[in-house]
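The values are calculated or read from the model by the stated rules, or taken from the named source; none is laboratory data. As the structure is a computational prediction, the values presented were derived from the model and not from experiment. Cβ: placed from backbone, ideal geometry, glycine included. Neighbour counts: every protein chain shown. SASA here: full protein model, heavy atoms, side chains in, ligands and nucleic acids out. Shrake-Rupley method; radii C 1.70, N 1.55, O 1.52, S 1.80 Å.
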Amino acid sequence: MQALLDVILPVFLVVGCGYIVVWRNVFSTAAVDGLMSYTQNFAIPCLLFMALIKIDLGQAYSFRLMGSYYIGAASGFALGFLGARYIFKRSAEDSVAIGFVSLFSNSVMMGLAITERAYGIDALVANFAIVSLHAPFCYFVGITAMEIAKSDGDNIVQVAMNVGKSMMKNALFVAILLGLLVNFSGIALPNVLLNGTNMVATTALPAALFGMGGVLYQYRPEGDFGAIAWVVGISLLVHPAIVWSLGQYWVLSVSELRSAVLTSAMAPGINCYIFASMYNRAKRVAASGVLIATALSVLTIWCWLQVLP
């Protein structure tokens, strides 16, 4: 219970504040859209860039850590897609968007915040290793699957070009690419640039959590309850259960196991709705899935914290 009070509720309090001020018209939806644009396109990319230029990649990356997390994530996508296609009889394109909801955990806004509050800032090394591949991996899987689903006979070269163009338009992907480039090359960036970037980065999590609350108010649940329940169950229970099982099998360190399971236990991120909107597919499932899973994750995250060492 102490973990619920000290670790989880403060994070959701910030989300709740964003929800309430938009609900009561103290903060406009246009202001929320501007805040989320700032966090998604500037603040969070700066946060990831600053983390990746400092991280010891040799220590942080391991096959066992990445395998545990991303096999779980890929399994979530497959289950989400197959359930939507064959249980709920959705189109192939709708099924890809629904699969993306089961794939994309809120690894930055919620995952970093919860892990830091639970285990301290030094516990974030494995989180940042996972996050460095999260957006590239998830968008690559989602965009590739969607482009194939809607290709209508296009050749593989055209599909690949469409995937590449979409990836390079993603600010998170570009920031991660630049951070890894600086890390691998050993380029010494001037302090004035680092200090300025860090100032923006420090605003990322609180601003994103607050804005997330406002976004969640705008997309209240409606319809498609079977598909919504399906993706919520995969996101909050199945994905972290697979990661926990693989982590036990591969004997992850305590720190790696905590980061991998907690990251996978986060509700789907706002990016799921953004992805659905990009293709105008399954937007109700994406929006409602994010909202309901975020609310339920208050309890499921607490349960996972009890399981972890």
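Scanning the range 222-245 for residues that are touching a Gly at 6+ places or on another chain (Cβ under 7 Å), of a type in the set (A, V, I, L, M, F, W, C) and either open to solvent by less than 50 Å² (accessible area, probe 1.4 Å) or within 22 Å of GLY67 (Cα to Cα) (or both) turns up ILE228, VAL231, VAL232, ILE234, VAL238, ILE242, VAL243.
The sole residue among ALA123, ALA160 that is surrounded by fewer than 16 Cβ atoms within 10 Å (Cβ to Cβ) and either of a type in the set (Gly, Ala, Ser) or not in a helix (DSSP H, G or I) (or both) is ALA160. Here ARG117 meets each of (1) among the charged types (D, E, K, R); (2) at pLDDT 85 or above; (3) assigned to a loop (DSSP other than H, G, I, E, B) with one exception, condition (3).
VAL101: of a type in the set (Val, Ile, Thr), at pLDDT 90 or above, crowded, with 21+ Cβ neighbours inside 10 Å and assigned to a helix (DSSP H, G or I), yes or no? So VAL101 fits the description; yes. Residues that are in contact (Cβ under 8 Å) with a residue 40 or more places away in the chain and surrounded by 24 or more Cβ atoms within 10 Å (Cβ to Cβ): does the range 21-31 have at least one? No, the range 21-31 has no match at all. In the range 178-190, which residue that is touching a residue at least 40 places away in the same chain (Cβ under 8 Å) and in a helix (DSSP H, G or I) is least open to solvent (accessible area, probe 1.4 Å)? Out of the qualifying residues, it is GLY179. Please verify whether the range 205-216 includes one or more residues that are open to solvent by 20 Å² or more (accessible area, probe 1.4 Å) and at pLDDT below 85. Yes.
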